[in-house]
Every structure is written in structure tokens, then in C-alpha cells.
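Trainee: Sharing a structure here in C-alpha cells format.
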Amino acid sequence: MNEELLLYELKNKTKLAIQDIVMYALSKTGFFHNAALHGEKARRIHYKIDGFSGHLEFSLIKPNSNFRIETILPAIQKELASCGLNVSSEIKEKSGNPNIKSIVLKGSTKELFLQLFNDSDMSDKIPDPDMTDLRFELNITPPLYANICHEKYQSPAPFEISMYDKPSLFAEKINNTIVRAWKSRTRGCDLYDYDFYLANNVPANFRHLVARLLDSKYVEAKEDMTLDEVKTNLCNRFREINYEQTKIDLLPFITDPESLKIWSAEYFCGITQNLTVE
């Protein structure tokens, strides 16, 4: 394994552990009575699969424009400190969307890894200047109609999480696939996850999908949008993608790069015909 990939994996392991501590801290405050986890972390929990860390993404179950993210920060700081973790925190607003409030946690990768895993041999492979940062995002006025379920979680101790159900997560992913671009290109993880949900025969929560497209101010979105129109918009998006460029996001981190060779507009438009909704 090359040094760059090793460092990425050690940082990822560190981030995943800190994510669990943050969620455990939030559970102690009653946070999951009012908010639900979604995004990649929720998908990994639903399907009990490992993966690479992204942001922790939450939405209030009932929109509340007066909610202050400052109220939950002390519980996070206290739990991290009780684990001996030296982590700074900063509150930010997401650029372009003032309804998404963020907390950014940051600390020395080497120090955090050593404290979490007590593995000096591996921590010695981490360069001293390297920093790990983790973003916690909370949408205080999220799109409506997401369905909420509850899941037991065991790390660092047993607690219960509220999170979007699978069809609502798929609706979120379809919205991202259609409207989201990173440096003018679709993210590889969006295509990978879109394929994953279809392969697992998950129907999309259609009311939530339309609400998300409207919330994203997608130019083709409308309240009476049909499934056929969604499929057409997806295929239009798939025909715009540079697939070789999009694969770059994923190639270092998947066990079978050959599985991406099939990616093309024809492939994604073809599987989109299997998209169902509830």
C-alpha cells in the first residue's frame, strides 16, 4: 500500500471513530428526538457495511428556523474531552445555504489516532503536520416528507439513532445525482450509491424527492412532477458526465476497479428504467 493511501485509511479510521463519539454525545442530549441522520453515514448503518467517512449529515425532524447549533456543541466538546481527544471546534454556515449549520472539528491526526487506538507503530506512519477535520452539518429547515426510522448503534456504547429510512435516503441520492456538481463534475460516490440503491431494489420516497428538487431550486422541478420526468432528467444528466473523470474519486478506494468499466450514459440510463417509487 502506498503512503498516500495508507494515510487516507488511517485518517478515515480516525474520522469514523470520532463520528461515533459525536453521535453518542448527541444521543445523551435527546438530540435524536428532534433530528435524524441521513447521507452516507445513514446508508452504511442501514446496510451494516464499512466505508469511507464523509460529513455527518442531520436534519431536524420538524423545521425550526430558530434552532441554534451552539446549544449542542458543549455536549460534543465534553464527550470528546472525556475520551482524551484534543479537538478544536468552529461553527460555520454552509456557503449558499444559511439553513445548514455546521460544526467543524479539527485535531492532529497522529495524536487522535494514538489516543483512539493506542497503536504507536501505525501512528508513527502519520506525518506530524497532518490534521484531521470532521464536519457536522444540520439542516434546520429541511425538505418535507422524509420518513424516519430508529436503529440501535453499539459504538462507543449502545444508543439509539433516528435516521431517514432507505427510500428517503434514495430520494436524497437521486436529488444529489441530478443537481449536485463538484468542480463542475458529478461526484463518483453519487453514481456509486445510485447504482447501489437500484441494485438493492430500493424504491424512492417520491414526495420527499420532489420536495428536495424544489428545495434545491432545480430548474425542471415542479410540484406535480412525474416519475417519467424524473427519469428523463436523470438520463439527461447521465449524458453530460465525463465518466473517466468521475471514476477518479473512487478508484483508489474500491476493491474491484474493474467494476467501474461498465459505467456509461447507456448503463445508467438503462438501470434508471428500473427505478420505482413509493
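The values are calculated or read from the model by the stated rules, or taken from the named source; none is laboratory data. In this text, all values refer to a predicted model and were calculated from it rather than measured experimentally. Ideal geometry is used to build each Cβ from the backbone, glycine not excepted, and the neighbour counts take in all protein chains shown.
Trainee: Could you say which residue among 170, 196 is assigned to a helix (DSSP H, G or I), in contact with a Phe, Trp or Tyr (Cβ under 6 Å, 6 or more places away or on another chain) and of a type outside the set (Lys, Arg)?
Mentor: Answer to the check: 170.
Trainee: Separate question: Within the stretch 49-65, can one find any residue that is touching a helix residue (DSSP H, G or I) at 6+ places or on another chain (Cβ under 7 Å) and over 29 Å from residue 188 (Cβ atoms)?
Mentor: no
Trainee: Of the residues 255, 246, 186, 232, only one is exposed (fewer than 12 other Cβ atoms within 10 Å of the Cβ), β-branched (Val, Ile, Thr) and outside the structural domain of residue 46 (by TED's automatic domain parsing); which?
Mentor: Sole residue among the options that is exposed (fewer than 12 other Cβ atoms within 10 Å of the Cβ), β-branched (Val, Ile, Thr) and outside the structural domain of residue 46 (by TED's automatic domain parsing): 255.
Trainee: Could you grab me the full set of residues in the stretch 77-121 that are of a type in the set (S, T, N, Q) and either over 24 Å from the mean Cα position of the chain (by Cα) or closer than 23 Å to residue 140 by Cα (or both)?
Mentor: Hits for the stretch 77-121 are 77, 82, 86, 89, 95, 97, 99, 102, 115, 118, 120.
Trainee: If you don't mind, another one. Within the stretch 258-272, take every residue that is surrounded by fewer than 15 Cβ atoms within 10 Å (Cβ to Cβ) and within 25 Å of residue 8 (Cα to Cα) and give me the one that is modelled with the highest pLDDT.
Mentor: Looking at the filtered set, the residue picked out is 261.
Trainee: Name the single residue, out of those in the stretch 157-183 being among the small types (Gly, Ala, Ser) and in contact (Cβ under 8 Å) with a residue 12 or more places away in the chain, that is surrounded by the most Cβ atoms within 10 Å (Cβ to Cβ).
Mentor: 171
Trainee: Restricting to the stretch 206-244, and then to whatever is closer than 10 Å to residue 175 by Cα and not in a helix (DSSP H, G or I), can you tell me which residue is farthest from the chain's Cα centre (by Cα)?
Mentor: Top of the filtered list is 218.
Rundown of residues vs (1) in the same structural domain as residue 50 (by TED's automatic domain parsing); (2) within 30 Å of residue 239 (Cα to Cα); (3) in contact with a helix residue (DSSP H, G or I) (Cβ under 8 Å, 6 or more places away or on another chain); (4) modelled with pLDDT under 95, yes/no style:
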{"position": "132", "(1), (2), (3), (4)": "yes, no, yes, yes"}
{"position": "146", "(1), (2), (3), (4)": "yes, yes, yes, no"}
{"position": "194", "(1), (2), (3), (4)": "no, yes, yes, no"}
{"position": "198", "(1), (2), (3), (4)": "no, yes, yes, no"}
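Trainee: In the stretch 198-220, what count of residues is obtained for those that are of a type in the set (A, V, I, L, M), over 18 Å from residue 276 (Cα atoms) and surrounded by 16 or more Cβ atoms within 10 Å (Cβ to Cβ)?
Mentor: Total satisfying the criteria: 1.
Trainee: Continuing with the same structure: Working carefully through the options 113, 32, 58, 67, find the one that is in the same structural domain as residue 153 (by TED's automatic domain parsing), aromatic (Phe, Trp, Tyr) and assigned to a loop (DSSP other than H, G, I, E, B).
Mentor: When all the criteria are applied, what remains is 67.
Trainee: Out of the residues in the stretch 84-106 meeting the condition of being small (Gly, Ala, Ser) and not in a strand (DSSP E or B), tell me which one is surrounded by the fewest Cβ atoms within 10 Å (Cβ to Cβ).
Mentor: Ranking the candidates gives 96 first.
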